[in-house]
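Report on the structure given below.
The values are calculated or read from the model by the stated rules, or taken from the named source; none is laboratory data. These figures come from a predicted structure and were not determined experimentally. Glycine gets a Cβ as well: all are built from the backbone with ideal geometry, and neighbour counts include every protein chain shown. Accessible surface areas use protein heavy atoms only, side chains included; no ligands, DNA or RNA. Shrake-Rupley method; radii C 1.70, N 1.55, O 1.52, S 1.80 Å.
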Amino acid sequence: QVQLVESGGGLVQAGGSLRLSCIVSGSSFSINAIGWFRQAPGKERELVAAFSRDGSTNYVDSVKGRFTSSRDNSKNAVYLQMNNLKPEDTAVYYCNAASPRLRVDWGQGTQVTVSS
């Protein structure tokens, strides 16, 4: 059974940075399929970053130029470097398969709070 464990969130001032980690364990689930999601209070969960088959990464417009996703196959880990954070980035961040058909049970997520 696949387990997803997110960490690295916290409270940061606007303009600050955080690095989130997602550790995938429990099966041969490919980290190349992993995307980063976030859910703000009262809003639906949205996909903010996902790896493409050509090796590039796609980002939602609101985070382009500020967020960078990377992966370490040796550690079965995916990371999300978030720079120049804005209050509107405040949300619980999750990792999971970007494709709905590959999605597994959601982890607990990690809270990111950006103060103005």
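Got a number for residues in the range 88-111 being open to solvent by 10 Å² or more (accessible area, probe 1.4 Å), on the phi < 0 side of the Ramachandran plot and not charged (D, E, K, R)?
Taking the range 88-111 and keeping what is open to solvent by 10 Å² or more (accessible area, probe 1.4 Å), we get 88, 90, 92, 94, 98-111.
Within this subset, residues satisfying the condition of being on the phi < 0 side of the Ramachandran plot are 88, 90, 92, 94, 98-108, 110-111.
Keeping just the survivors that are not charged (D, E, K, R) gives 90, 92, 94, 98-100, 102, 104, 106-108, 110-111.
Residues flagged as open to solvent by 10 Å² or more (accessible area, probe 1.4 Å), on the phi < 0 side of the Ramachandran plot and not charged (D, E, K, R) within the range 88-111 amount to 13.
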Only one of Ser17, Ser30, Ser69 is modelled with pLDDT under 95 and out of contact with any Asp or Glu (no Cβ under 8 Å at 6 or more places or on another chain), namely Ser30
When Arg19 is run through (1) at positive phi; (2) touching a Leu at 6+ places or on another chain (Cβ under 8 Å); (3) open to solvent by 50 Å² or more (accessible area, probe 1.4 Å), the failure sits at (1)
Residue pairs within 6 Å by beta carbon, gap of at least six or interchain, first lying in the range 19-38 and over 13 Å from Ser69 (Cβ atoms), second of a type in the set (S, T, N, Q), listed first then second, are Val24/Asn76; Ser25/Gln3; Gly26/Gln1; Gly26/Gln3
Within the range 52-69, residues open to solvent by 50 Å² or more (accessible area, probe 1.4 Å), within 13 Å of the chain's Cα centre (by Cα) and over 18 Å from Pro100 (Cα atoms) come out as Thr68
Here the qualifying pairs (Cβ atoms under 8 Å; residues six or more apart or on different chains; first in the range 76-96 and more than 18 Å from Lys64 (Cα to Cα); second open to solvent by less than 30 Å² (accessible area, probe 1.4 Å) and part of a helix (DSSP H, G or I)) come out as Asn76/Ile31; Ala77/Ile31
Q) With respect to Val48, is the statement that it is at pLDDT below 95, on the phi < 0 side of the Ramachandran plot and part of a strand (DSSP E or B) true? A) no
Would you say Ala49 is out of contact with any Phe, Trp or Tyr (no Cβ under 7 Å at 6 or more places or on another chain) and open to solvent by less than 60 Å² (accessible area, probe 1.4 Å)? no
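Residue-by-condition table, conditions (1) outside any loop (DSSP other than H, G, I, E, B); (2) at pLDDT 95 or above; (3) out of contact with any helix residue (DSSP H, G or I) (no Cβ under 8 Å at 6 or more places or on another chain); (4) more than 22 Å from Gly10 (Cβ to Cβ):
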{"site": "Asp54", "(1), (2), (3), (4)": "no, no, yes, yes"}
{"site": "Val92", "(1), (2), (3), (4)": "yes, yes, yes, no"}
{"site": "Cys95", "(1), (2), (3), (4)": "yes, yes, yes, no"}
{"site": "Gln108", "(1), (2), (3), (4)": "no, yes, yes, no"}
Here the qualifying pairs (Cβ atoms under 7 Å; residues six or more apart or on different chains; first in the range 98-114 and of a type in the set (Ser, Thr, Tyr); second open to solvent by 40 Å² or more (accessible area, probe 1.4 Å)) come out as Thr110/Ser7; Thr113/Leu11
